[in-house]
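S.K.: There's a structure below that I have some questions on.
Taken together, the values in this text are just the output of simple stated rules run on the coordinates, not laboratory data. All figures in this text were calculated on a predicted structure; none of them were measured in a lab. Glycine also receives a Cβ, built like all others from the backbone with ideal geometry; neighbour counts cover every protein chain displayed.
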Amino acid sequence: MNTIFAPDIPTARYLKIFTEIGLSQAEIPYNIVRMKDLVPELEKAYRSLWVILNFFSDQIFLPKEKNLYLEKVFSRLKEELSTRMVGLGIFPDQPTIADPKDRPS
């Protein structure tokens, strides 16, 4: 398990969503007002995704198949987010924050 350091609780909550999906990088805003508005919406969307996927996969798949299905869905989600996250323009005035070792000293 990796530790991620964040300057405040909203940023930590924001990063938690992307790390649960499996991403190692995400653009983060420095404007705390925007972060406070964005985080609850992202958390709600992520929870809804889990509820929907679990409900339908329980109805359709056997337990072993369900796990494979969920792995494929989240693998695809991770792929899409990793290619689209950087440079989306959500926070156009902010740099991308990557691995701390890649940051300038």
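S.K.: Residue by residue through the stretch 42-55, which ³J(HN,Hα) values in whole Hz follow from phi under the Karplus form 6.51 cos²θ - 1.76 cosθ + 1.60 (θ = phi - 60°), with glycine and proline marked x?
M.R.: Per-residue couplings from phi come out as 5, 5, 4, 5, 5, 4, 4, 4, 4, 4, 5, 4, 5, 4 Hz.
S.K.: For the stretch 5-80, run through the trypsin sites (Lys or Arg not before Pro) and keep only the ones in DSSP coil with at most 13 other Cβ atoms within 10 Å of their Cβ.
M.R.: Details: sites: R13, K16, R34, K36, K44, R47, K64, K66, K72, R76, K78; in loops: none.
Filter output for the stretch 5-80: empty list.
S.K.: Same structure again: Can you list the residues, at least 5 places off or on another chain, whose amide H is less than 5 Å from the amide H of A26, using H built in the peptide plane?
M.R.: Under 5 Å from the amide H of A26: I97.
S.K.: On full extension of the chain, what length is gained from L70 through T19, given 0.36 nm per residue of separation minus the C-alpha to C-alpha distance?
M.R.: On the way: separation 51, 0.36 × 51 = 18.36 nm, distance 1.61 nm.
The L70-T19 span can extend by a further 16.7 nm.
S.K.: Taking 0.36 nm per intervening residue step and subtracting the Cα-Cα distance, what contour gain separates D58 from A12 on full extension? Mind showing how you got there, number by number?
M.R.: Values: separation 46, 0.36 × 46 = 16.56 nm, distance 3.11 nm.
Taking 0.36 nm per residue and subtracting the Cα distance, the gain is 13.5 nm.
S.K.: Using only Cα positions of the stretch 9-86, each an equal point scatterer, no hydration layer, compute I(q)/I(0) via Debye at q = 0.18, 0.22, 0.24, 0.25 Å⁻¹ and quote the log10 values to two decimals.
M.R.: Normalising to I(0) and taking log10 leaves -0.79, -1.04, -1.14, -1.19.
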